[in-house]
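Have a look at the structure below, then the notes.
The values are calculated or read from the model by the stated rules, or taken from the named source; none is laboratory data. This is a predicted model, so every value here is computed, not measured. All Cβ positions, glycine included, derive from the backbone under ideal geometry; neighbour counts span all protein chains shown.
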Amino acid sequence: MKDTSRVWTAFARFRDQSCHFFKERESLVECGLTALLSDAHLFILGPPGSAKSMLAETLAGGIEGASYCYVMMHKFLTWRDLACGEVVVREESSGGIRSIRFLNVEGPLLRAHFVFLDELFKASAATNNSILNLLQERIYSINPGETGRSPLMMAVAAGNEMPGSEDNLRAFADRFLFWNEVDYISVSHEGNTAFIDMLQETGKPPSLGLTLEEVQYLRGEANRIPVGRDIIGVVNSIRAALALEHRIEPSDRRFKASMAALRAFAFLNGHPRAEISDLAVLEHILWAGREREVRDTVRKVVRDFSGDSALTAVENLFREANDVFRGAMALMDRADRELPVDETRRRKRDELRREALQKERQLAEIAGGMSASVSSMASPRACALGRYFLNRANVMRKALIGRRGVEDPFVGAAHAGF
């Protein structure tokens, strides 16, 4: 009999340590662990150098007996390159006839428990199609008439762009149930020191410290979490809102697979049954297009139904703050180009600076609204994301203050030529 308390405690500790180690990557850690518990795969969208591969390496490295395979995808890569190792020669005899067969041996990809596919959509359609059965059914064929089963527990893939509109790419991408978008760590400012902490970090990534058997046990426990009819009704409402109000229609396969993810996320959060707040995981599952507007709409709808609407409000305020910041910087750039050679040019310069100051004050008001919303959030997950957006808004405020050369955005305007 498993020591449930020890296994669960080790898993929960790993989650907390990973959220601390991977700066501003709480949602990515949650997606990775939920995917592991629900027998699903994860795609990470983000720029190069944003630690996309480290989570898969950390997971694989912390499970005793697990093997890991890294693959860089490119257009010349073939299924044989991925799947096959050496070739062996076998002599056979049948009906008095002797023959020689050349047989492919499984390569590292087919023997791996964890796989990282870098630059996922760079490979050819033929190669992607060959990987489909491995991802979906965990089966493969490298010799005629023979089928093998892979020990694959989880595939993590990464790319800095969404798949195109080609049907084969969409079918391939649909095998990755979880989609998570990351960016570079924000600039450290006041209470947020994530970037500085990352630079000073000298320790190794945390280790899960469990065996393959113990991870399988956790998967079984997660799969037993009940999802009530009321929760399923809310999922149906989310689907209706996406389809009828926004013309966004994730596949039936994604909705079906989301039930296992919902159970796993509830288990990860320590809930004995799925709760409304656990529906937040669907914002990483119901993407149905490459356009940012689609992803933002899915996030908003899911958060409205899961009780995280305040997070959507903060994110919307941040986008507004970003527009205001860009406008203020553009005005200051124009003012700098107005050489005060006469009274007309001087008045024009001062007018541009006054407009920039108005936007600076507007940005301060937006940041104040964001701060109030963050302080009212009950969910730790929403709070972490809310503080991330608030920090970025405060960094923009500080940049405008520095551009004007004063310590406070509302003090010293008269001395700055306003």
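Structure data summary
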read-out: Of the criteria (1) of a type in the set (D, E, K, R); (2) within 30 Å of P151 (Cβ to Cβ); (3) modelled with pLDDT of 90 or more; (4) not assigned by TED's automatic domain parsing to the domain that holds V29, which one R253 fails; value: (3)
read-out: Unmet criterion (only one of (1) assigned to a loop (DSSP other than H, G, I, E, B); (2) touching a residue at least 60 places away in the same chain (Cβ under 8 Å)) for I248; value: (2)
read-out: Filtered residues of region 277-295 (kept if under 19 Å from V374 (Cβ atoms) and surrounded by fewer than 21 Cβ atoms within 10 Å (Cβ to Cβ)); value: S277
read-out: Selection count where residues are part of a strand (DSSP E or B) and surrounded by fewer than 14 Cβ atoms within 10 Å (Cβ to Cβ), scope region 124-164; value: 2
read-out: Some residue of region 18-27 being within 19 Å of E64 (Cα to Cα), touching a Pro at 6+ places or on another chain (Cβ under 6 Å) and surrounded by fewer than 19 Cβ atoms within 10 Å (Cβ to Cβ); value: no
read-out: Condition check for R239: free of Cβ contacts under 8 Å to residues at least 24 places away in the same chain, closer than 28 Å to G386 by Cα and surrounded by 16 or more Cβ atoms within 10 Å (Cβ to Cβ); value: yes
read-out: Search result, residues across region 302-349 that are over 26 Å from A367 (Cβ atoms), part of a helix (DSSP H, G or I) and not polar (S, T, N, Q); value: F305, R337, E343, R345, R346, R347, K348, R349
read-out: Pairs where the first residue, in region 80-101, is free of Cβ contacts under 8 Å to residues at least 40 places away in the same chain and surrounded by 10 or more Cβ atoms within 10 Å (Cβ to Cβ) and the second is acidic (D, E) and assigned to a strand (DSSP E or B), C-beta under 9 Å, 6+ apart; value: G85/E106; R101/E91; R101/E92
read-out: Among residues of region 185-223, those that are basic (K, R) and either in a helix (DSSP H, G or I) or not assigned by TED's automatic domain parsing to the domain that holds K52 (or both), counted; value: 1
read-out: Residue among N129, N160 that is under 23 Å from the mean Cα position of the chain (by Cα) and of a type in the set (S, T, N, Q); value: N160
